[in-house]
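S.K.: I'd like to ask you about the structure that follows.
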Amino acid sequence: EELYPAIAANEAQWAQWHDLGMRESAAAGTVDDLKAQPFLMVDTDLFDAKFRADLLRALPDLDATTDGLLVHGDNFQALTLLETKYAGAVKSAYLDPPYNTDVSAIPYKNNYKHSSWASMMENRLKKLRLLMKGVSACFVSIDKTERDTLLGAMDSVFGKENRVSELIWIQNTNDGRAKSFSTNHEYVEVYARDLVGT
């Protein structure tokens, strides 16, 4: 609670909590407001280095007092950051990548959309595979646009022999983007780290 005054003084943090739906108002609150909502997560990126250092010092043993990890950033950099501590430790992973459609388009540096998307996925899957245990699974959501490209990337990284299944789930029965009929399903591709060895 000794950090509450610094948190209460940070207008950007209050605005973020509002934007995330955690508060009705974007206006800055008080220390009493923080005490009334003790489980609001602080985004340390909104604070200076001194605050971050004070926060870390306030936790007696960070690894022992946290049972989870939230990383906000580029997924490739995040996976690289996690490599040292979590190599071979992840039991299950779920990826929901950009589907490479008009609705969820991501920027590209060239005109090779499918190969750029495939390269992006492949290098992230390689990083993820390093984190996975021998007996583990990777689930990746995708639609028909990049399904085949994703399968190629996953086959390349995990090996065809480690493909577990393809799950099909109903997404939206009233998809207004469909030109002639409603495509109301998407796919979840499932691969094991080492299906043969299990």
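S.K.: Residues with amide H under 5 Å of Leu95's amide H, sequence separation 5 or more or different chain, H placed in the peptide plane at 1.01 Å from N; which?
M.R.: Result for Leu95 returns Phe139, Val140, Ser141.
S.K.: Now for a separate question. On full extension of the chain, what length is gained from Asp43 through His72, given 0.36 nm per residue of separation minus the C-alpha to C-alpha distance?
M.R.: Computed gain between Asp43 and His72 is 9.5 nm.
S.K.: For the chain, with all protein chains present and a 1.4 Å probe, just round the carbon and sulfur fraction of the accessible area to a whole percent.
M.R.: So the carbon and sulfur contribution to the accessible surface is 54 percent.
S.K.: Translational diffusion coefficient of the chain at 25 °C, 0.890 mPa s, Stokes-Einstein with Kirkwood Rh over Cα pairs, in µm²/s as a whole number.
M.R.: Answer, rounded: 122 µm²/s.
S.K.: A further question on this structure: Would you work out the charge dipole size for the chain about its Cα centre, treating the Cβ of every Lys and Arg as +1 and the Cβ of every Asp and Glu as -1, and quote it to the nearest 20 debye?
M.R.: My answer is approximately 840 debye.
S.K.: In the range 22-143, with Lys and Arg counted as +1 and Asp and Glu as -1 at Cβ, which of these residues, Met22, Ser119, Phe47, has the Cα nearest the positive end of the dipole, that is, farthest along it?
M.R.: Ser119
S.K.: Please turn the phi angles of the range 85-99 into ³J(HN,Hα) values with the Karplus equation 6.51 cos²θ - 1.76 cosθ + 1.60 (θ = phi - 60°), one per residue in order, whole Hz, x for glycine and proline.
M.R.: 7, 10, 4, x, 10, 7, 8, 8, 9, 10, 10, 10, x, x, 7
S.K.: Note down the net charge around Leu46, summing +1 for each Lys or Arg and -1 for each Asp or Glu among other residues with Cβ under 13 Å from its Cβ.
M.R.: Net charge in that neighbourhood comes out at -4.
S.K.: To continue, here is another question. Once the Cα atoms of helix 147-158 and of the chain are each reduced to a long axis, what angle between those two axes, in degrees from 0 to 90 to the nearest 10, is obtained?
M.R.: 80 degrees
S.K.: From the phi of every residue in the range 13-29, what ³J(HN,Hα) in whole Hz does the Karplus formula 6.51 cos²θ - 1.76 cosθ + 1.60 yield, where θ is phi - 60° and glycine or proline is x?
M.R.: Whole-Hz 3J(HN,Hα) from phi for the range 13-29: 5, 4, 5, 5, 4, 5, 4, 7, x, 8, 9, 6, 10, 8, 5, 4, x.
S.K.: Could you give the length gained on full extension between Phe51 and Leu167, defined as 0.36 nm per residue of separation minus the Cα-Cα distance, in nm?
M.R.: Net length gain for the segment: 37.2 nm.
S.K.: Shifting gears a bit: Per residue, how much accessible area does the chain have with a 1.4 Å probe, in Å²?
M.R.: Ligands and nucleic acids excluded, the result is 65 Å² per residue.
S.K.: Cα-Cα over 21 Å: which of Lys91/Lys144; Lys85/Lys133; Lys91/Lys113; Lys127/Lys160; Lys133/Lys160?
M.R.: Lys91/Lys144; Lys91/Lys113
S.K.: Based on Cβ point charges of +1 for Lys and Arg and -1 for Asp and Glu, what charge dipole magnitude is obtained for the range 1-99 about its Cα centre, in debye rounded to the nearest 20?
M.R.: Once rounded to the nearest 20, the dipole reads 220 debye.
The values are calculated or read from the model by the stated rules, or taken from the named source; none is laboratory data. Please read these numbers as outputs of a predicted model, since none were measured by experiment. Neighbour counts run over all protein chains shown; Cβ positions are idealised from the backbone, glycine included. Ligands, DNA and RNA are stripped out before the accessible areas are found, and what is left, the full protein with its side chains, is counted by its heavy atoms. Shrake-Rupley method; radii C 1.70, N 1.55, O 1.52, S 1.80 Å.
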